[in-house]
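Comments concern the structure below.
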Amino acid sequence: MNPLFELAFWGVLIPDTVFVTIAVTLLLTGLAALASRRLKSHGLSRWQTVVELYCGWIRGTIRDVFGEDPTPYVPLIGTLVLFIGFCNLLSVLPMVRPPTADLNTALALALVVMAAVPFYGIRRHGLWGYLRTYVRPHPLLLPLNLLGEVTRTLALAVRLFGNVMSGQMIGAIMVLVAGALVPVPLMILGVLTGLIQAYIFGVLAAVFIAAAVQVDVRRHKEVHDG
Amino acid sequence: MMDSNTLLSAISIVTAGLTVMVGSVAPALGEGKAVVAALDAIARQPEAASTISRTLFVGMAMVESTAIYCLVVALVLLFANPFLG
């Protein structure tokens, strides 16, 4: 879509999404490595304060969803929220299309969540215990459970893609129809929407993982209580 | 006499408009209901405001995603219509 970052090798077109994604990944990895290089418990530097604020916020959010120790889930969900939030903020830069405005990126991120659900589920309950959750209310519901796995992944991807892409497109149409400075309020709204969507993506990932991890715990408790 | 491509384009444009119309009215009503319920709850229990507003945000994004699906369908009809030659 953006010819500035496009490359063609032997007839294979590499879109700008690939380059922007790689740049964002390198930038965030470098920043994280720099920020966590000299951590200390007294006399915090500015960077460490920022990192600790972010980690504390993510931990608190995940703890609210899970109701248990959030440590195993913080790396995945924290990285997802950080990456998506940063990508969505790129929509204010001219000539750069946020990678999340490409359905491929959004789908890839949703597939990561889809793969993380059985990973954490199997880690907690074992393979057999996790597979049993698919037939849990009744074996007749197995196709619906499988279908739900696919559709919620698709919904996760299309939600992120649609929100970011529509913001971009509204800005472009406004420039076309009205003029240079008219889309600025819409872009500010887009920044808000982008950050909220990153948060939503993280919370939904946490909810999906929690549903796979805690399903037997709750049932067990009910059996014991009743 | 219109050829089939023109007819298909006209129908696609009208359908895209209808999709966005219906698909934005219904989620708007749903979101309104959600906000009313959340404000009610916050007025009753101001100390639970943070939990309620967080749940409200997530729920609103879920409701709003139906509108986004309609928008995506409309954009596919307009810009990536698979039936237009």
Here the relative contact order (percent) of chain B, from C-alpha pairs under 8 Å and at least 6 apart, is 52 percent
Log10 I(q)/I(0) at q = 0.28 Å⁻¹ for segment B:30-76, from Debye over equal alpha-carbon scatterers, is -0.95
For segment A:1-89 the trypsin sites (Lys or Arg not before Pro) that pass both the DSSP coil test and the at-most-14 other-Cβ-within-10 Å test are A:37, A:38, A:40
Note on segment A:61-89: residues buried by at least 20 Å² of accessible area once partner chains are added (vs chain on its own, 1.4 Å probe) come out as A:64
Result row for chain A, helices from DSSP H with C-alpha axial extent 27 Å or more and mean Kyte hydropathy at least 0.0, is A:16-35, A:46-66, A:103-132, A:142-177, A:184-213
Taking B:70, A:55 and ranking on accessible area (1.4 Å, protein atoms only), highest first, one gets A:55, B:70
Expressed as a whole number, the average count of other chain Cβ atoms within 10 Å around the Cβ atoms of A:171-179 is 0
Rounded to the nearest 10 Å², the 1.4 Å probe accessible area of residue A:47 is 140 Å²
If each part is reduced to its alpha-carbon centroid, segment A:140-208 and segment B:61-84 end up apart, in Å, by 12 Å
accessible surface per residue for the protein assembly as shown, probe 1.4 Å, DNA/RNA/ligands not counted, whole Å² -> 61 Å²
Summed over the other residues with a beta carbon less than 12 angstrom from that of residue A:70, with K and R at +1 and D and E at -1, the charge totals -1
Checked segment A:146-200 with the C-alpha gyration tensor, a ≥ b ≥ c its square-rooted eigenvalues, rounded below a/c of 1.5, otherwise prolate if a/b is larger than b/c and oblate if not; verdict oblate
Burial-style ranking of A:156-165, B:55-64, B:41-50, B:24-33, average other-beta-carbon count within 10 Å with highest first, yields A:156-165, B:55-64, B:24-33, B:41-50
Rounded to a whole %, the carbon-and-sulfur portion of the accessible area of segment B:30-76 at a 1.4 Å probe is 72 percent
Any GluC sites (Glu not before Pro) in segment A:1-89 that lie in a DSSP loop and have at most 14 other Cβ atoms within 10 Å would be A:6, A:68
In square angstrom to the nearest 100, the accessible surface buried at the B/A interface, both sides summed with a 1.4 Å probe, amounts to 1200 Å²
Quick note, segment A:79-166: a/c under 1.5 would make it rounded; otherwise a/b > b/c is prolate and the rest oblate (a ≥ b ≥ c, C-alpha gyration tensor); here it is prolate
Residues hit by the 40 Å² burial cutoff in segment B:43-61, accessible area with a 1.4 Å probe, assembly against chain on its own, are B:54, B:57, B:58, B:61
Expressed as a percent, the accessible surface of segment A:3-225 that is carbon or sulfur, using a 1.4 Å probe and the full set of protein chains, is 73 percent
Taking only the alpha-carbon positions of the protein assembly as shown as identical scatterers, the Debye log10 I(q)/I(0) at q = 0.09 Å⁻¹ comes out as -0.59
Checked chain B against the a/c 1.5 cut and the a/b vs b/c comparison, axes a ≥ b ≥ c from its Cα gyration tensor; verdict prolate
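The values are calculated or read from the model by the stated rules, or taken from the named source; none is laboratory data. All of these numbers come straight from a predicted model, not from anything done at the bench. Every residue, glycine among them, receives a Cβ derived from its backbone with ideal geometry; neighbour counts consider all protein chains shown. Please note that ligands, DNA and RNA were not included when accessible areas were found on the heavy atoms of the full protein model with its side chains. Shrake-Rupley method; radii C 1.70, N 1.55, O 1.52, S 1.80 Å.
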